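Heads up, the thing below is written out as structure tokens.
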Amino acid sequence: MSEATVDVADLRHHGGAEEDGADAADAPLREDIRLLGRVLGEVIREQSGDDVLALVEATRVEAFRLRRSEVDRADVAARLDGLDVRSANHVIRAFSHFSLLANLAEDVHHERRRRFHRLEGSPPQKGSLAATFELLDAAHLDADVVARELAGALVSPVVTAHPTEVRRRTISRVQRQVTELIRRRDRSAPGEADDPAWSGELQRAVLTLWQTALLRLSRLRLADEIDEALRYYEMSLFEVVPAINAELRRALHARWPSAGSDRPVLRPGSWIGGDRDGNPFVTADAVHLASTRQAQTALGHHLSELLALHDELSMSDRLITPTPELAQLAAASGDDSRFRADEPYRRALYGVHARLAATAQRVLGSVPGPPPHAVLEPYATPEEVLADLATVDASLRAHGAAALADDRLARLREAVEVFGFHLAGLDMRQNSAVHAEVLAELFAWAGVCPDYAALDEKQRVELLVGELRMRRPLVRPDAALSDLARGELDVLLAAADQVRALGPEAVPNYVISMCESVSDVLEVAVLLKEVGLLDPGGDGGPTCPVGISPLFETIGDLQHAAETLTAVLGQPLYRALLRNRGDVQEVMLGYSDSNKDGGYLAANWALYRAELALVEVARREGVRLRLFHGRGGTVGRGGGPSYDAIRAQPPGAVAGALRITEQGEVIAAKYAEPDRARRNLEAMVAATLEASLLDTEGLGDDAEPAYALLDDLAARAQQAYRALVHETPGFVEWFRAATPIGELAELNIGSRPPSRKAGDSIADLRAIPWVFSWSQARIMLPGWYGTGSALESWVEGDPARLTRLQELHRRWPWFRTMLSNMGMVLAKTDLDLAARYAELVPDEQLRHRVFDQLTAEHERSCRMLLAVTGDDRLLADNPALARSIRNRFPYLEPLHHLQVEMLRRRRGHDGQDGDDDELVRRNIQLTINGIATALRNSG
């Protein structure tokens, strides 16, 4: 068949992927991919002509021939390098769209398989609450142990404004439309799938996708990031979070009536609008906007549900007898409509709605949704709303309407309990160096200390403690301060306003980046006092609604974390403050900078060691430790399956409480649909229960020898990593030439600058663009480099040593999870493709010096990983991901080759000037988008 007469049906084929040993269970997935490919081909032909479709199809054929080793990669590259910029644009768009549609088909197929297993009565899936409670039941746990371990239980996914999500909201909406059409096809009777009306809808959706720009015209503003995060509440979280909390409460109380709290365990959080570490756009206005929009979302939901309840609870007191308390609530509602005179629930709910609307008017200055029927006194706290809803609940149950009480009313009560007026706790975060600089200025202005920066640690602590014993502020509101100091104080004043308006849960924590000392912690306490959040108190000691959380990020900081925490807890004034906060101390652990600092294995082990040491400090000091894990989407930034990661925590490190950041494209992947949100949040809660109540480490008396072995391995891995990244001359130059790091800065994906400060060092670069760029070049260095050298040099060909590693892999969840995640990254790494990117390095000697090290270490890492796991291939432990990679990755081939070619044209080569054609720049950005979409977790 000639290229000019290619049939659009050819595009539907999945390059032979359906022949690669896939079983019948995956037949619907293959059919969906064929269907979507066929429709996309029809749209391309209709919109761009037969020649474009022929080009796309010929490129697809070559990509799959390459996978089957029937052609050389150089031949494919030469064919694509010769395309003009317009033709390249067509190919890039076609393969980007196919990757996106294939992802949708996979997601629907996962749902399909879970539904099948439920209908078949299969055992509960690992990571579900049902499976976890089967494990807990088998352990025959003592109620006192459960009560102790789950006291103050908290599981909090914290959404952060670190976007690597390159898709526009418009594209996401069309994706949901296509997803729903595939679901409808699944539910249809045989033959209905070919219904012309359904086919027309799918055709129009794909047409819309093809004609909608994949890239934003301008960079996201902070306000856009706030709204992006809030939409997931309407999409899934308002439905799923209360349901999981209710199920968890019932299951715990049924087994251990005295254990667990009536407080919701699952409580989302946010950093968007409060995290100003390196983000100049987070100002006082941003804090106010984020808190206000969150409150608007929460109160809007509650008000809407109250009106829906009003419509549903139409019972007449001529037929039922409400409780006196309900009658009193109805009488106080101000609703004197004669049409509702015999409908006490409707009148009572109108009253609740009016009071909550008055709360919204006070907090927001407006009322989301329809106006109330009357003006009543606002509620002061969510607890007052809950008290009135409890009155409604008790009355319904009193006259045999428990089924109604357990429906929408129960969901609303759960929602008010967890979301309150504030929706999600907004954390503050800033770098410790900024705090010191601001306080130095405040102390100098107040005449307290002319040169705070010159003081040693002991002198700083003495000065800070003295300030914390006094109520008077350091400066007046009209003090003439630098922009930095005024901005920091204004941010904290805005946070204090939100705490007063929305309650203490509105701003629950203040995170200190690069925290290294007692003074770093006390400086934040003084700033909180300055804005009225911390009260020095009297004999009872200081109080503050905001917890102070030190963040340990680098390898060195992690190694000294326990020492720092010991010193902080040894400070009497701070200890008194903590005592008044229930003796709960949160510590945040940074996965991104520690990895960038020391490499994959060294960072992961430094985190594990730090947790062990912090747990021991907390036990010794009599405080409850809560760890906050700053994880990203990729393995190089702590990513990977949350269930396995939480269960792999060291003993005592979870203890019923856990907070984890959710970043970038992972947010959409987890929370865009109720089913996915339910599965991911349930896994997080289930793993927290198991890690808190069961011995998930499994090492027993072998723990210390195992730890010593990993100390050795981590040191070897860090040495190998640093030899490349920090000690190889020209490495930064190589990285900037061989990856699209420079072009990434032009992509409109987020408000935060890619670097903390101007500079050309790895240390100055933020972890997200660092990891993202390696992913684009298919090197994935942060997820594996150094580990192969460590394993090989430790084993040294000794079979007994290899057996020891194999035993640890079998027994130790942390070691197994660490290697499994590395295997996933190695499977996504393609050094043959990476060699194309390396060609962008103009210095040939430098090009080979770095790339030869990458190639050798990759070979070592793959070989040693398989030796330790005993597998014969990568991803033997994850066949679903192996299938996904096998099916999807050939479609990445043209995107990578064209990205390299467009980068070469843009930058210039062989003495030629760079091409400043706007379409070349756009093609680069489109390839970045398409590759990120296909990889799914890239930043």
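Taking only Cα atoms of region 522-568, what ratio of Rg to Rh do you get with Rh as the Kirkwood inverse-distance radius?
With Rh from the inverse mean 1/r over Cα pairs, Rg/Rh is 1.09.
For Cα pairs less than 8 Å apart in space and 6+ apart in sequence, what is the mean separation divided by the residue count of the chain, i.e. the relative contact order in percent?
Dividing the mean separation by the residue count of the chain yields 16 percent.
Report for region 427-621 the percent antiparallel among DSSP-assigned beta bridges with both residues inside it, nearest 5.
About 10 percent, rounded to the nearest 5.
Suppose we take every Cα in region 36-193 and form the convex hull; what volume per residue is that in Å³?
Dividing the Cα hull volume of region 36-193 by its residues yields 243 Å³.
For region 427-621, what is the convex hull volume of its Cα atoms per residue in Å³?
120 Å³
Relative to the compact-globule scaling 2.2 N^0.38 Å, provide the ratio for the alpha-carbon radius of gyration of region 276-370.
Normalised by 2.2 N^0.38 Å, the Cα Rg of region 276-370 equals 1.47.
With bins 5 Å wide starting at 0, give me the P(r) of region 642-723 over every alpha carbon pair, in whole percents.
Final binned percentages: 3, 13, 17, 16, 14, 15, 12, 8, 3, 0.
Can you give the FRET efficiency for A398 and R811, using 1/(1 + (r/R0)^6), R0 = 60 Å, r = Cβ-Cβ distance, to the nearest 0.05?
0.60
Stretched out fully, how many nm does the piece from Y707 to A74 gain, at 0.36 nm a residue minus the Cα gap?
Full-extension gain reported as 223.2 nm.
Using the Kirkwood radius over C-alpha pairs as Rh, can you work out the diffusion coefficient of region 356-398 via Stokes-Einstein at 25 °C, viscosity 0.890 mPa s, in µm² per second?
Translational D for this selection: 213 µm²/s.
Note down the nm distance, to one decimal, between modelled labels 7 Å out along Cα→Cβ at E462 and at L484.
2.6 nm
In nanometres, what is the gap between the two model label sites at L694 and D317, each 7 Å from Cα along Cα-to-Cβ?
Simple spin-label model gives 5.3 nm for this pair.
Please work out the FRET efficiency for the pair D872 and E377, using the Cβ-Cβ distance as r and a Förster radius of 45 Å; give the result to the nearest 0.05.
My answer for the efficiency is 0.05.
Using the alpha-carbon centroid of each, what span in Å lies between region 103-165 and region 858-879?
With region 103-165 and region 858-879 each reduced to a Cα centre, they are spaced 28 Å.
Ranked by Cβ crowding within 10 angstrom, fewest neighbours first, how are L349, L840, L710 ordered?
Placing the least packed residue first, the sequence is L840, L710, L349.
So, in the chain, how many Lys pairs have Cα atoms under 26 Å apart, if the pair is 8 or more places apart or on different chains?
Count of close lysine pairs: 7.
I want to verify the translational diffusion coefficient of the chain in µm²/s; compute it with Stokes-Einstein, Rh as the Kirkwood radius over Cα pairs, at 4 °C and 1.567 mPa s.
43 µm²/s
Rounded to the nearest 0.05, what FRET efficiency is calculated for A197 and S304 with R0 set to 35 Å and r the Cβ-Cβ distance?
The computed FRET efficiency comes out at 0.65.
Taking all pairs of different Cα atoms in region 842-939, averaging 1/r and flipping that mean, what Kirkwood radius in angstroms comes out?
So the Kirkwood estimate lands at 16.5 Å.
For region 86-151, take every pair of Cα atoms, bin their distances at 5 Å starting from 0, and report each bin as a whole percent.
Reading upward from the zero bin: 3, 13, 11, 13, 10, 8, 10, 9, 7, 6, 4, 3, 2, 1.
How long is the gain from D798 to D407 if the chain were fully straight, where each residue apart is worth 0.36 nm and the alpha carbon distance is subtracted?
Gain in length upon complete extension: 134.4 nm.
Would you mind listing how long region 701-935 runs along its three principal axes, going by Cα atoms, in whole Å with the largest first?
That works out to 64, 39, 35 Å along the principal axes.
Since every read-out is calculated from the coordinates, none of them should be taken as a lab result. Keep in mind it's a predicted model, so treat the numbers as computed, not measured. Every residue, glycine as well, gets a Cβ built from its backbone with ideal geometry; the counts of neighbours run over all protein chains shown.
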